[in-house]
Structure formats: structure tokens, C-alpha cells
1. How high is the relative contact order of segment A:1-120, in percent, with contacts defined as C-alpha pairs under 8 Å that are six or more residues apart?
2. Which parts of segment A:10-25, residue by residue, lose 30 Å² or more of accessible area when the rest of the protein chains are there, as against the chain isolated (1.4 Å probe)?
3. Quick one: which residues, 5+ away or cross-chain, put their amide H under 5 Å from the amide H of B:Thr156? H built at 1.01 Å from N.
4. Using only the Cα atoms of segment B:416-466, what semi-axes does the equivalent ellipsoid have when each is the square root of 5 times a gyration tensor eigenvalue? Give whole Å, largest first.
5. Lysines within cross-link reach of B:Lys189: Cα-Cα under 25 Å, excluding same-chain residues under 8 positions apart?
6. Please compute the alpha carbon radius of gyration of chain A, then divide it by the globular-protein estimate 2.2 N^0.38 Å. Two decimals is fine.
7. What do you get for GluC sites (Glu not before Pro) in segment B:46-85 restricted to DSSP loop and a cutoff of at most 11 other Cβ within 10 Å of the site's Cβ?
8. Please give the contour-minus-distance gain from B:Glu387 to B:Asn369: 0.36 nm per residue of separation, less the Cα-Cα distance, rounded to one decimal in nm.
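The values are calculated or read from the model by the stated rules, or taken from the named source; none is laboratory data. If you're wondering where the values come from, they're calculated on a predicted model, not measured in any experiment. Backbone-built Cβ (ideal geometry, glycine too); neighbour counts: all protein chains shown. What goes into the accessible areas is simple: the full protein's heavy atoms, side chains included, and nothing from ligands, DNA or RNA. Shrake-Rupley method; radii C 1.70, N 1.55, O 1.52, S 1.80 Å.
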Amino acid sequence: MIEKFVPLDTVGVPLDRVNVDTDAIIPARYLKTLKRTGLGVGLFYAWRYDAEGAERPDFPLNRPEFRGGRVLVAGENFGCGSSREHAVWALMDFGFRAVIAPSFSDIFHNNCLKNGLLPVTLPAAEVRSMIDALLAAPGGKVRVDLAAQEVTGPNGDVHRFTVDPFAKTCLLEGLDEIALTLKSSPEIDRYERERKKATPWLFLDLAG
Amino acid sequence: MPTLFEKIRDRHVVTRRGDDILLYIDRQLIHEVTSPQAFEGLRLAGRSVRRPGAMLAVPDHNVPTTPGRAERIDDRESREQIEELRKNTLGAGIDLFDITDPRQGIVHIIGPEAGLVLPGITIVCGDSHTGTLGAFGTIAFGVGTSEVEHVLATQTLWQKTPRRMRVTVDGALRSLVTPKDVILAVIAKIGASGGTGYAIEFAGETIRKMSMEGRMTVCNMTIEAGARFGLIAPDETTFAYLKGRPLAPPPSLWDAAVADWETLPSDPDAAWDREVTLDASSLEPHVTWGTSPQDALPVGGVVPDPEAQPDPSERARMRRALEYMALVPGTRMTDIPVDKVFIGSCTNARIEDLRAAAAVAMGRKVHANVTALVVPGSGLVKRQAEEEGLDRVFVDAGFQWRLPGCSMCLGMNPDRLKPGERCASTSNRNFEGRQGPGGRTHLMSPAMAAAAAVSGRIADVREVAR
Ligand code: SF4
């Protein structure tokens with residue numbers, strides 16, 4: 001069950017890097033938790049803190065102008081690497097509700113939608129100009145309206161984005177995907193009966 | 001005219017919703033890190049596991065690789081995750097290869113060994129390297145924890161069809177050039193996001209000649225090119241590997257299964273959205289210089305100069321990577337000293353990998369400045385290697401011979417790099433901090449890593465082995 005996505009009007013946080021991988025978003029040592037919550041402390045740990053554990057003042061998340069921002073704006077191939085959903089949980093725990101980038105890794109993109117973190121894909125040039133504007137005038141606001149499928153940048157520039165219609169409904173209404181799928185149980189039952197006849201070797205149970 | 005991927009997909013359609021397919025998932029592998037929240041989710045919603053017999057679980061990421069781990073794991077959180085896996089699988093009736101089980105090992109290695117990865121199936125795991133299993137002609141892909149939960153509850157996943165890419169590799173590999181070098185070269189060619197949105201089928205004479213171990217190495221790293229799926233058509237090599245394995249079709253069903261599997265390969269007139277070719281005959285051993293797997297080059301090369309890069313964002317990325325790696329443009333790769341050598345991971349910890357590394361280590365000594373680890377991918381690989389005497393070769397040469405697990409592939413268990421340490425590694429990711437905070441990773445093949453271990457620096461294995 002995910003929280004309903006409501007329109008955001010918030011400080012945009014620029015992260016001017018490409019190929020931001022999920023090891024950078026949340027290092028492996030934070031993955032030992034049994035919970036989905038509390039991961040914000042490890043978010044971008046190696047970039048936020050130096051070897052002594054002191055904040056690096058120039059990292060965007062540490063700059064006072066960007067604190068409290070709920071939209072991250074980053075370079076292409078965001079979320080590449082490991083499938084760890086912890087990356088999404090960490091971003092959300094820290095307060096982010098949307099990430100804007102020219103492209104996302106497939107698994108990360110999926111993980112976002114399952115949790116109500118909106119991944120917004122915009123053309124590289126539009127993301128570039130948004131990052132430049134946020135760096136030039138830190139504290140600039142970004143508006144994200146999922147219902148209208150529109151992002152308004154810090155300069156008032158409006159960008160349309162596409163989103164899968166079903167994912168959109170799930171995000172806006174906060175639907176439980178498993179509950180929806182379980183409505184197809186009769187079809188799943190039927191599929192299993194037919195497959196069992198066609199390829200019986202796939203139904204030799206592993207647990208014996 | 002369908003592709004291998006499309007044929008498997010079409011057999012697994014339960015129902016549709018617009019462009020989305022409810023795909024039946026034949027099997028799911030489970031490990032301790034990405035599953036606790038999935039089982040918790042089931043409990044909170046009062047749901048149960050639909051087909052426990054279609055699941056197999058193993059602890060691998062957190063386990064120490066030193067003796068005594070069955071009795072005691074010092075790190076409390078690691079211990080708790082492993083205990084939680086035990087509780088969750090026992091409660092649901094899911095088979096577990098526990099820490100004391102001789103079959104325990106890295107999740108992507110134990111599945112094939114058990115014979116549970118069969119051509120034509122769909123299989124998922126909460127781990128991005130699940131594409132490894134596409135080497136058997138399967139739709140195998142990594143999922144997040146929410147999807148792990150979805151599969152536990154429903155044995156299905158909603159999926160869109162990816163685009164189709166074929167990577168054709170032809171030509172005979174030269175001596176000491178390996179499947180790892182092939183896949184590093186492919187990633188360098190198409191880039192870390194070149195495969196995003198695609199399922200990649202690997203084809204061509206070079207792939208056909210590879211063993212299952214080599215094919216798994218290739219498919220393992222398709223995710224490093226951004227593709228969730230890497231596939232190779234099943235053939236005689238596949239069938240021979242599977243025959244007689246515990247969960248492979250029994251003799252009474254074997255012929256029917258093989259007849260079915262032979263219908264799977266992509267039709268000759270199948271359509272592709274993108275085609276890439278690679279000539280393997282001129283391929284050199286590869287190493288990475290930077291912090292993305294796409295930063296691979298032939299070992300004879302030099303550290304590239306960001307200033308020669310026209311694209312400003314790529315230039316900035318390269319500068320950052322060189323700063324993190326503490327490297328200067330123009331440095332010969334073979335002049336870079338290493339502190340650690342890691343031979344292991346789901347990319348390169350199968351028996352052939354250990355044989356290749358042992359052949360280089362044999363009669364040589366690990367350099368005085370280097371600590372070198374060999375971590376077999378599973379208990380069965382370890383046993384096989386010991387039967388062949390490979391453990392003695394490694395130990396005599398000064399390598400540490402460890403117990404199976406993910407080990408130094410990721411900074412999660414006790415095996416990790418210290419800040420600033422440089423490692424020649426057979427794993428799959430050279431991201432910042434991947435092997436431990438501040439650690440620096442150079443990816444390469446097992447033979448190349450063994451050559452680095454005995455040389456104290458990155459070395460061309462062809463010169464070391466001469
Ligand atoms: S060996 Fe490394 S890449 Fe493979 S499953 Fe373990 S941590 Fe992941």
C-alpha cells in the first residue's frame with residue numbers, strides 16, 4: 001500500500017552527476033535492516049560525509065538553500081546498478097517524493113513506482129537547464145503535478161512528461177498492487193493447471 | 001519469427017492489461033538482504049506464499065567467509081538477517097540452503113548447480129545479477145523487494161515487453177582471453193546505459209563455443225550495460241550441463257523436455273530493435289580504470305584523458321572517476337600497483353574461473369605487498385576445486401582460500417577494502433565504495449586477477465604466464 005501522490009511545490013535539489021548508482025544512493029552496509037524505514041541516515045553517505053563523518057558543506061543535500069527539498073534533479077542513468085529497493089526507501093525516508101532525470105535504470109524505475117516515489121523522465125536538455133537554473137539560484141522551486149503530467153521548473157518553464165497510465169492511477173490513488181493481482185487468481189490457477197500438463201518437469205517441487 | 005525472449009514470454013502470459021502482461025514466474029530465488037521486508041509485507045497483509053515449492057533461498061551477502069561462521073557471526077545485524085531468512089523460509093515451507101549446507105553459496109551460482117534453472121522458464125530474484133541465469137535460455141531478471149513480495153503472494157509479475165537487442169560475437173578467443181573480457185568489451189562498446197529498456201540476446205560462434213560457466217559470466221554483467229535481461233539460446237552444451245542435476249527433468253521426462261527446449265531459439269528471421277557485433281578474434285584482456293563498468297580498456301592501454309572528451313557531462317564524470325581512483329591520465333594500466341586481489345563473486349567464482357586463476361598462480365607467489373583472496377562461489381565449487389587440488393595451488397602461492405559467499409564483491413560482510421585500497425577484482429561493479437568505503441576497484445578476469453596478485457600491479461596475464 002503506497003501513500004497517495006499529491007502535487008509537490010518544493011525546493012528542487014540539483015545533483016549534477018550521471019550514472020548515480022544505488023551503491024552511491026545507499027551503501028551496502030545500510031542494507032542489513034529488516035525494515036523499510038530509517039534509511040535516510042545512509043542516503044548518499046559517502047558524498048554527504050567525509051571520512052571523519054563530518055558533512056561535506058558543498059554537497060547539495062547539505063547546503064542550507066536546498067534543505068527540505070522534495071524533488072531531486074539528476075543526470076542520466078539514475079539508479080543504475082544493484083536492485084536494492086533500499087535506494088528508494090532511503091530517498092523517501094529523507095523526504096524526496098520525485099526524481100527528475102533524462103533516464104533511469106529499469107529496476108530502479110520499477111522500484112520507485114511500487115513505493116510512490118515519482119520518477120519523471122524529461123529530455124536531457126530540459127534537465128540540464130533545470131539543474132543549471134537551480135545551481136545559479138539555489139532555493140528555486142519545482143512543481144510536480146502528476147495528474148496533469150507537468151513539471152514547472154524554477155524559471156516558470158513548463159515540461160510535460162509521460163507516465164504509464166496504470167502506474168499513474170496506482171500512485172494517485174495509493175493502490176495495493178498485490179490486492180489487484182489477487183483478483184486474477186482464477187486465471188493464475190487455470191494457467192498452472194495447463195502448464196502442469198504441458199511441462200510437468202516444472203512442477204517437481206523444490207522443497208520435495 | 002519470434003525471438004527466444006518472445007517465445008518464452010508468450011508461454012507465460014496469464015492475462016493482460018493494456019500493454020502490460022501478467023507474467024507467470026516459474027521460480028524465485030531468495031537471499032537474506034532483499035527479502036525480510038517482503039515477508040513482513042505478507043504478514044502485515046495476512047497473505048501467504050502461493051507456491052513455496054517454486055522457491056529456493058540461501059544466505060550469501062552477509063555471511064563471513066572465514067571458518068567458524070556456522071557457530072558465530074559477530075555482526076549483530078548480519079546475524080539477524082540470516083536468522084530472519086531461516087524463520088521466514090521455515091515458516092513458509094521454502095527450501096533453504098543454510099550456512100552449514102554443502103550446497104550453500106552465491107544465489108546465482110547455486111540455482112544452476114541444483115538444476116532448477118531450465119530453458120524456457122521465467123525466474124526472478126531480488127538481485128540485479130539474476131540475468132546470469134539467462135545463460136540457460138530463460139527470462140531471468142532482478143526485481144526489487146516489492147516485486148519479491150508480489151511473486152511470493154501471486155507467483156506472477158506485471159511486465160512490459162522490453163526492446164530486442166542482439167549482440168553477435170564471432171571469432172575464436174585468443175589464449176588467456178576469456179568470457180569476462182568479452183562482456184567488458186561489450187559494455188565498453190554500448191555503455192552503462194546502452195542496454196536500458198532492452199533484453200539482450202548473445203549470439204554468434206564465440207558464445208556458442210563457451211561453456212555454461214562462460215555464458216553465465218557474460219549474462220551476469222548485462223545489467224552493467226543497463227539491460228535487465230541477458231539471454232543465450234539453449235543448445236547441446238546447455239542440455240549436457242543440466243542432465244542428471246537434482247532438479248533437472250528426471251529420465252522419464254528428459255526427452256520431452258529437450259524436444260521442447262529445442263523449439264526455443266530465436267527464429268532466423270526474428271526482428272531486432274538493435275544489433276551490435278563484436279569481433280572476438282582480436283580481443284585483448286580487459287581491465288577497468290574508472291568507476292563505471294563501461295570504463296574498460298585493453299590491458300595494454302593507458303588511463304584516458306578526460307580533457308580529450310568532447311561531451312562536457314562525460315568529461316566531468318571522467319574527471320570525478322580519476323580523482324576517486326587517484327589515477328593520472330596517460331599512466332600505463334600495467335604500472336598501477338594493487339593492494340588486494342579478489343577472485344570470487346557471481347561473475348567469476350565457478351570452477352572454470354578457479355582453474356584459470358590457479359593455472360596462473362601455480363608455482364608462483366603472491367607479491368609481498370598484496371593480500372589475495374579466493375572465494376569459491378558455492379560449497380559445491382569449493383569441493384570440486386579441492387578434489388582437483390586447486391586449493392593447495394592457491395594456498396601454496398600465498399592466496400587465502402575462503403568459504404563461499406559474496407565476500408568482497410560488496411562492502412557488506414567482513415571482507416572489504418579499507419579507504420584508499422586498490423583491488424584487482426573479478427567481480428562486476430567498480431562503483432565508488434562498492435567494495436568498501438573509499439575502496440578502488442579494477443575489474444578483470446580471474447586469470448588477469450591472479451596475474452595481478454603475483455605481480456603486485458595490474459599485469460598482462462599473457463606476459464606473466466609466458
Ligand atoms: S557476488 Fe556480488 S554481485 Fe553477485 S550476488 Fe553477491 S553481491 Fe551481488
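1. On the way: 223 pairs, mean separation 39.8, N = 120.
After rounding, I find 33 percent.
2. Going by heavy-atom accessible area, the residues of segment A:10-25 that drop by at least 30 Å² are A:Arg17, A:Val18, A:Asn19, A:Asp21, A:Asp23.
3. B:Ile25
4. Working: eigenvalues 98, 22, 8 Å².
Semi-axes from the Cα gyration tensor: 22, 10, 6 Å.
5. B:Lys180, B:Lys209
6. Numbers: Rg = 19.8 Å, N = 208, 2.2 N^0.38 = 16.7 Å.
Taking the Cα Rg and dividing by 2.2 N^0.38 Å, one obtains 1.18.
7. Working: sites: B:Glu71, B:Glu77, B:Glu80, B:Glu83, B:Glu84; in loops: B:Glu71.
Passing sites in segment B:46-85 are B:Glu71.
8. Length gained, B:Glu387 through B:Asn369: 3.5 nm.
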